[in-house]
Amino acid sequence: MKVIKAEEMGFCIGVKRAFSMVENVRANYQGRKLYVYGDLAHNQSVMDRVASYGFDTVYHASDVEPGSVVLVRAHGISDSERKELEARGSEIIDATCPLVLKNQDLMRSSELDVILFGIKGHSETVAVEGAARRKYYVVQDVSDLAEVPNDRKYRVIVQTTFETRRYEMLLEELDRRGILYIVSNSICMASERRRASIRAMKGLVPYIYVIGDPRSANSNALVKEAFDNGIGSSLVESADDIRVEDIRGYETIGVSAGSSTPDDVIDKAVRRLEEI
Ligand code: SF4
């Protein structure tokens, strides 16, 4: 089978940076108790590798042994979690993506109440919420705007992997409702370029496999992008999940991958498809 690879896919610069920090910590802190706070990235093979390097993944500061080394995930942590880690004498190695740090700074320093466009419960959204000093509203869909009073001006902050179309639609809706705002658009171009690479395959392939973890918001967004452009698509974690019956009759298949999927996992999936 002929495989066309998306022009841009796989590890983004933020995840690459976090992963190389894991390797540095592993090399430089031998003999110390090592943790990653939260999932380093939403990808099981990345998590497995991190575990094989001797890191425990924790989700609560209270689970960290005092005096240990804690690497903060790319999606960041809330201010209160950071304070609790410091109180336990942890040495914090911060792998939070700089774009997420920027959103946290905006949240922390905002002199206006905030509307945060973001996926509710996503670790990055939670980390940005955790920097709030003012009242804020998390808006994922138009229905969430029902909670937002239009009697004041807001700062709009945007989750880095938020879909551009949804962002534009929500801004239009704020205008329609007469809600005043100033906007700081921090949508990460890494995610946008991956979606553009999916659109570029329109007419070239009937089906795109997106290699990524089911928990990865940006991997799921790539599948949606394919569907929105009339291309069949499914999300698979690895080569083992590729089902011949899904693609029977096709001569050419597209492959893309979320920004937390390692290159070797992508390469294996491509080889498997080429062998079919
Ligand atoms: S997708 Fe963008 S914002 Fe998110 S970790 Fe990667 S580079 Fe950073």
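The values are calculated or read from the model by the stated rules, or taken from the named source; none is laboratory data. These numbers come from a predicted model, not from an experiment. Heads up, the Cβs are rebuilt from the backbone with ideal geometry, glycines too, and the neighbour counts pull from every protein chain shown.
Suppose the filter is more than 16 Å from the ligand (Cβ to nearest atom), more than 23 Å from the chain's Cα centre (by Cα) and of a type outside the set (Asp, Glu); does Lys153 pass it?
When the stated conditions are applied, Lys153 passes them.
Within the range 16-28, can you find the residues that are within 16 Å of the ligand (Cβ to nearest atom) and either touching a Leu at 6+ places or on another chain (Cβ under 8 Å) or charged (D, E, K, R) (or both)?
Hits for the range 16-28 are Lys16, Arg17, Ala18, Phe19, Met21, Val22.
Check whether at least one residue in the range 79-88 is within 15 Å of the ligand (Cβ to nearest atom) and out of contact with any Phe, Trp or Tyr (no Cβ under 6 Å at 6 or more places or on another chain), and report yes or no.
Looking for residues that are within 15 Å of the ligand (Cβ to nearest atom) and out of contact with any Phe, Trp or Tyr (no Cβ under 6 Å at 6 or more places or on another chain), one finds none in the range 79-88, hence no.
Has the range 175-189 got at least one residue that is at positive phi and away from the ligand (no atom under 16 Å from the Cβ)?
Yes, the range 175-189 contains a residue that is at positive phi and away from the ligand (no atom under 16 Å from the Cβ).
Output the helices (runs of 4 or more DSSP H) that fall wholly within the range 12-99 and possess 1 or more residues being within 28 Å of Asp263 (Cα to Cα) and of a type in the set (Gly, Ala, Ser), or say none.
13-28, 44-52
Of all residues in the range 209-250, count the ones that are among the charged types (D, E, K, R) and either under 16 Å from Lys5 (Cβ atoms) or assigned to a helix (DSSP H, G or I) (or both).
7
To keep it simple, each residue is scored yes or no on (1) outside the structural domain of Arg26 (by TED's automatic domain parsing); (2) in contact with a helix residue (DSSP H, G or I) (Cβ under 9 Å, 6 or more places away or on another chain).
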| position | (1), (2) |
| --- | --- |
| Glu65 | no, no |
| Ile77 | no, yes |
| Lys83 | no, yes |
| Leu106 | yes, yes |
| Ser123 | yes, no |
| Gln140 | yes, yes |
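Would you confirm, using the coordinates I've provided, whether Thr160 is at pLDDT below 95, over 28 Å from Tyr59 (Cβ atoms) and within 16 Å of the ligand (Cβ to nearest atom)?
When the stated conditions are applied, Thr160 does not pass them.
Just need a number here: residues in the range 209-240 that are surrounded by fewer than 18 Cβ atoms within 10 Å (Cβ to Cβ) and over 28 Å from Glu124 (Cα atoms).
Adding up the residues that qualify gives 3.
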